[in-house]
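The values are calculated or read from the model by the stated rules, or taken from the named source; none is laboratory data. Computed from a predicted model, the values in this text were never measured in an experiment. Because the Cβ atoms are built from the backbone with ideal geometry, glycine has one as well, and the counts that use them run over all protein chains shown.
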2 protein chains.
Amino acid sequence: MEAKFKHVSNLIEKDIASGIYDETQKLLTEDEFIIKYKVSRNTIRRAIDLLVKRGVALPVQGSGIYLRKKRLGQPINLENLRGLTYYLGDHNVSSVILDFKLIPADNKIVDLMHCELDTPTYYVHRLRKLDNKPYCIEYSYYNKDLIPYLDNEIINGSIYNYIRNDLKKTINFIDEVISANVLTKEEADLLGLKENEPAIICENTSMFKTGTIFNYCYSVFNYKETKFLKMTNTA
Amino acid sequence: MEAKFKHVSNLIEKDIASGIYDETQKLLTEDEFIIKYKVSRNTIRRAIDLLVKRGVALPVQGSGIYLRKKRLGQPINLENLRGLTYYLGDHNVSSVILDFKLIPADNKIVDLMHCELDTPTYYVHRLRKLDNKPYCIEYSYYNKDLIPYLDNEIINGSIYNYIRNDLKKTINFIDEVISANVLTKEEADLLGLKENEPAIICENTSMFKTGTIFNYCYSVFNYKETKFLKMTNTA
DNA sequence: TATAATTTGTCCGTATGTATA
DNA sequence: TTATACATACGGACAAATTAT
């Protein structure tokens with residue numbers, strides 16, 4: 001059962017997406033939302049907080065709650081953890097599996113995933129495509145003690161949906177580290193760039209609620225086409 | 001007057017920094033904090049929320065509130081908007097001003113800062129150093145209609161502190177966009193790297209509460225030494 | 001294994017403060 | 001100045017997850 005404030009937040013976001021606030025650029029007031037959804041002020045405020053976090057809404061004390069203008073160039077919002085499939089909505093997402101095997105954890109993996117040496121680990125290396133154009137190169141590791149089974153079919157779809165829907169587990173924390181590096185020959189070929197050109201790297205570490213790491217993923221993006229966005233409120 | 005939950009959050013963070021929770025890795029319970037600070041449960045929970053956002057604390061339902069292990073390599077936390085000075089604590093921060101002038105906004109600036117053409121704009125180009133070693137190259141623009149005065153002294157210190165303490169204005173939103181690019185000859189020389197090597201770029205757009213942009217800043221970092229971290233809770 | 005106690009998560013209601021219009 | 005609307009803070013009740021018994 002989904003929490004009420006999350007549910008209401010999603011309802012409001014759907015209304016926003018439908019464009020009903022586009023003209024005024026102003027959402028309903030808290031009191032109006034309270035009546036509309038028959039919830040407490042607390043709940044509405046938590047729902048709005050989520051929209052603020054997602055960079056969608058902007059409450060102004062004494063005035064109202066406004067839409068936040070979208071940025072140009074469509075950078076990847078680091079707050080959006082719903083995966084490529086969701087984020088890229090109307091685009092065609094596919095992937096080519098370059099390698100897939102079960103290996104014992106070496107020192108590097110132990111370090112990255114805080115697991116024991118020789119822990120059985122799925123290694124997945126794939127090229128992800130967007131509208132049939134190379135989009136990013138993934139090197140991903142899954143702790144088999146936590147994710148007991150993976151196969152080609154699962155890998156071809158959304159692994160995160162598999163974890164959520166089939167394993168019934170909840171991903172609670174993701175650390176995302178952004179850096180830059182030079183492209184290897186193989187990576188350059190896959191992305192249609194040249195060796196030693198820059199690459200922008202996103203390293204994701206995914207954890208369950210107690211902080212156990214089930215996945216580490218190193219992704220290489222085309223630096224000419226990819227930016228990452230973090231929106232912050234200091235309030 | 002600072003909000004109570006922020007104040008309490010800072011007090012708790014100081015206790016964490018002092019190491020008093022290092023042994024158990026477990027903070028006090030909500031009820032214990034309520035007694036200690038004589039505040040409501042709501043206030044304590046908001047204080048803890050801030051610590052969670054900063055990646056410092058990790059509440060576990062039914063169990064307690066735990067310290068979150070620090071990451072290796074000390075990446076720059078994108079949630080930390082307190083500036084270099086705060087973040088790098090015991091290090092020596094300095095800067096070399098490479099250019100500083102008042103210019104009318106051109107089309108590029110208009111686009112980035114959503115201002116009118118020819119708006120008077122301070123342009124600041126500086127090299128920031130950490131322990132006397134080149135750390136990043138900044139190209140920064142300030143809307144003079146919003147930041148009416150800047151001089152060398154202010155620029156040499158923390159501009160953000162000047163805005164907070166002297167102009168008495170509150171920075172409410174910062175959009176941070178991370179990308180990669182190739183270094184220009186000038187940038188490479190300044191950072192001790194070679195032309196066309198990768199650079200990791202952080203573009204900051206800073207806004208006051210109503211969303212008006214007062215600053216756009218393009219920063220070039222040494223890709224060998226700099227990473228950016230985003231910690232996310234899906235809960 | 002089952003139950004109770006502990007602890008955080010969600011939700012409600014109310015009152016007051018502060019910024020905006 | 002007044003009314004509107006969001007921000008802060010308090011209190012209580014119950015649910016859900018974990019831990020101890």
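Of note:
- Taking the criterion of being crowded, with 16+ Cβ neighbours inside 10 Å and outside any strand (DSSP E or B), the residues of the range B:118-148 that qualify are B:T119, B:K144, B:L146, B:I147.
- Scanning the range A:51-64 for residues being out of contact with any Lys or Arg (no Cβ under 7 Å at 6 or more places or on another chain) and surrounded by 15 or more Cβ atoms within 10 Å (Cβ to Cβ) gives a total of 5.
For every residue, the table says whether it meets (1) exposed (fewer than 14 other Cβ atoms within 10 Å of the Cβ); (2) among the aromatic types (F, W, Y); (3) more than 22 Å from B:L78 (Cβ to Cβ).
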site: B:I12; (1), (2), (3): no, no, no
site: B:I20; (1), (2), (3): yes, no, yes
site: B:L27; (1), (2), (3): no, no, yes
site: B:I35; (1), (2), (3): yes, no, yes
site: B:T43; (1), (2), (3): no, no, yes
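- When the residues of the range A:50-65 are filtered to those that are closer than 14 Å to A:F33 by Cα and within 11 Å of DNA strand C (Cβ to nearest atom), the one that is farthest from the other protein chains (Cβ to nearest Cβ) is A:G64.
Yes/no per residue for (1) surrounded by fewer than 21 Cβ atoms within 10 Å (Cβ to Cβ); (2) part of a strand (DSSP E or B); (3) at pLDDT below 95:
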{"site": "A:A199", "(1), (2), (3)": "no, yes, no"}
{"site": "A:T205", "(1), (2), (3)": "yes, yes, yes"}
{"site": "A:Y218", "(1), (2), (3)": "yes, yes, no"}
{"site": "A:M231", "(1), (2), (3)": "no, yes, yes"}
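Rundown of residues vs (1) in the same structural domain as A:Y218 (by TED's automatic domain parsing); (2) at pLDDT below 85; (3) of a type in the set (V, I, T), yes/no style:
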{"position": "A:A105", "(1), (2), (3)": "yes, no, no"}
{"position": "A:M113", "(1), (2), (3)": "yes, no, no"}
{"position": "A:P120", "(1), (2), (3)": "yes, no, no"}
{"position": "A:S158", "(1), (2), (3)": "yes, yes, no"}
{"position": "A:L167", "(1), (2), (3)": "yes, yes, no"}
{"position": "A:T170", "(1), (2), (3)": "yes, yes, yes"}
{"position": "A:L193", "(1), (2), (3)": "yes, no, no"}
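- Considering residues of the range B:164-174 that are over 18 Å from B:Y139 (Cα atoms) and within 13 Å of chain A (Cβ to nearest Cβ) only, the residue surrounded by the most Cβ atoms within 10 Å (Cβ to Cβ): B:F173
- Apart from one condition, A:Y160 fits all of (1) away from chain B (no Cβ under 14 Å); (2) surrounded by 15 or more Cβ atoms within 10 Å (Cβ to Cβ); the exception is (1).
- Single residue of the range B:86-103 satisfying the filter (at pLDDT below 90 and closer than 22 Å to B:L190 by Cα) that is surrounded by the fewest Cβ atoms within 10 Å (Cβ to Cβ): B:N92
Yes/no per residue for (1) in contact with a strand residue (DSSP E or B) (Cβ under 6 Å, 6 or more places away or on another chain); (2) within 12 Å of DNA strand D (Cβ to nearest atom); (3) among the acidic types (D, E):
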residue	(1), (2), (3)
B:E2	no, yes, yes
B:H7	no, yes, no
B:I12	no, no, no
B:I16	no, no, no
B:I20	no, no, no
B:L28	no, no, no
B:Y37	no, yes, no
B:N42	no, yes, no
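- Comparison of A:D31, A:D15 shows that the only residue that is over 19 Å from the mean Cα position of the chain (by Cα), within 22 Å of B:T210 (Cβ to Cβ), in a helix (DSSP H, G or I) and free of Cβ contacts under 8 Å to residues at least 12 places away in the same chain is A:D31.
- Pick from the range B:37-49, criterion more than 14 Å from every other protein chain (Cβ to nearest Cβ) and within 9 Å of B:S9 (Cα to Cα), ranking: farthest from DNA strand C (Cβ to nearest atom): B:A47
- Taken over the range A:182-224, the criterion of being facing chain B (nearest Cβ under 10 Å) and either farther than 18 Å from A:H125 by Cα or within 16 Å of DNA strand C (Cβ to nearest atom) (or both) is satisfied by A:V182, A:N196, A:E197, A:P198, A:M207, A:K209, A:T210, A:G211, A:Y223, A:K224.
- Verdict on B:V177 being surrounded by 19 or more Cβ atoms within 10 Å (Cβ to Cβ), facing chain A (nearest Cβ under 10 Å) and assigned to a strand (DSSP E or B): yes
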